[in-house]
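Below is one structure, written out as structure tokens; comments come after it.
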Amino acid sequence: MMLGSCKRGEDVASMVRMGYWPNGCDEELREHIAGCGRCREWILLTQSFEQVRMESCAETPLRSSFLLWWRAELRRRDAALKQVGLPMTLAHRFALVVGLVAAAAFLLLARASILDWFALDGMQGLWTGVHADLLSFLATFWTGNGVLLVSGLGAVALMGGVVYLATDGQ
Amino acid sequence: MNWEHVLSNAGTGDAAQTAEPAMDSETFAGFYERSARPLWAYLVRVSGDAALAEDLMQESYVRFLCASTPQDGEVAARRYLFRIASNLLRDHWRRPGVVSIEELPDHLLVGKDGSAEMNSRATLGPAMARMRPRDRQLLWLAHAENYTHREIAEITGLGVTSIRLLLFRARREMARLLQQGKRAERGPR
């Protein structure tokens, strides 16, 4: 602890720390302290704080260190688990976003057909409309877009495989 | 019975075991025994609230154990513990709606039994209550814990030059308040 600009500061500090103040203090240092406001101030503060520290230490509510240690252990494990589960959480969020984008794209592309279905009268008309649309949809793949269908199914299977492998790895 | 072994087997699998504890439970027990009292004294005198000090003390130890503890001996570990506690205190004061120690009446901060051995606290308590939290912190670390300016800088995150200046001012103010308190104790003659 420095005592600012007083050149005897260190001497005063060590004398107080060792418990020599006031009875064990030599006469020369005592005279210096009597004439040095900064040293007197420092002694007043240090003695007050040390006394309060001693009193407070005696009242410390000590808990079981073992319980604290296990509380920390559980928190550490929890943090480790969260870290390990992070890729899974990200994969779930990614899958959700892809699903939502796909649904939005489907609704956008098929909005004309959907509006047509709602324009039909009764269940019979609805079924006829859906049937006709499905037939024309499948017919487009059989007449040349088979590659698109196969690659789409392949992408879905690949995505499932990636998620499975990521889960298995964790 | 070795509870650590039982609990680690009943734990959360291989992944959790990769996180190494900062100290084993026996080393920690010794460290806790030696460091809990000064830490408590620091927290309770700076915050002025025993319940808060107890919460913060427990949280400080848990965070200390969860973090990677400095490996340069117990002195550094203790300083690191005080740093965690100081950060927790600062976070507490920054939280909105927290009642500052300045708003508490003096009788809540001063010892209630009035015995002779409580005189120093009765004098220091109201004086500390009138200081700013940061000044209380600095004064405690400097005068009760005997930390150097560099160590206080490490604990509080302030610069060494700022600490020298802040401590100088806080010391003057505290000395003035203590002298006032002592004069008031002696009463008019």
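The values are calculated or read from the model by the stated rules, or taken from the named source; none is laboratory data. Please read these numbers as outputs of a predicted model, since none were measured by experiment. No Cβ is skipped: glycine too gets one built from the backbone with ideal geometry, and neighbour counts run over all protein chains shown.
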Can you tell me which of (1) modelled with pLDDT of 75 or more; (2) touching a Gly at 6+ places or on another chain (Cβ under 6 Å) is the one residue A:117 doesn't meet? (1)
Restricted to region B:59-76 and to residues being among the small types (Gly, Ala, Ser) and within 14 Å of chain A (Cβ to nearest Cβ), the residue farthest from residue A:63 (Cα to Cα) is B:68
Please work out if residue B:189 is outside any helix (DSSP H, G or I), farther than 25 Å from residue A:36 by Cα, modelled with pLDDT under 85 and over 15 Å from the mean Cα position of the chain (by Cα). yes
How many residues does region B:164-185 contain that are facing chain A (nearest Cβ under 10 Å) and of a type in the set (A, V, I, L, M)? 5
From A:144, A:125, A:169, which residue is surrounded by fewer than 10 Cβ atoms within 10 Å (Cβ to Cβ), at pLDDT below 70 and more than 41 Å from the chain's Cα centre (by Cα)? A:144
In the set A:30, A:17, A:53, the lone residue that is loosely packed, with under 14 Cβ neighbours inside 10 Å, at pLDDT 85 or above, out of contact with any strand residue (DSSP E or B) (no Cβ under 7 Å at 6 or more places or on another chain) and of a type outside the set (S, T, N, Q) is A:30
The correct count of residues that are more than 18 Å from residue B:73 (Cβ to Cβ), modelled with pLDDT under 90 and more than 7 Å from chain A (Cβ to nearest Cβ) in region B:9-46 is 6
With region A:1-114 as the region, which helices (runs of 4 or more DSSP H) entirely inside it contain at least 1 residues that are within 14 Å of chain B (Cβ to nearest Cβ), of a type in the set (Val, Ile, Thr) and closer than 30 Å to residue B:52 by Cβ? A:37-58
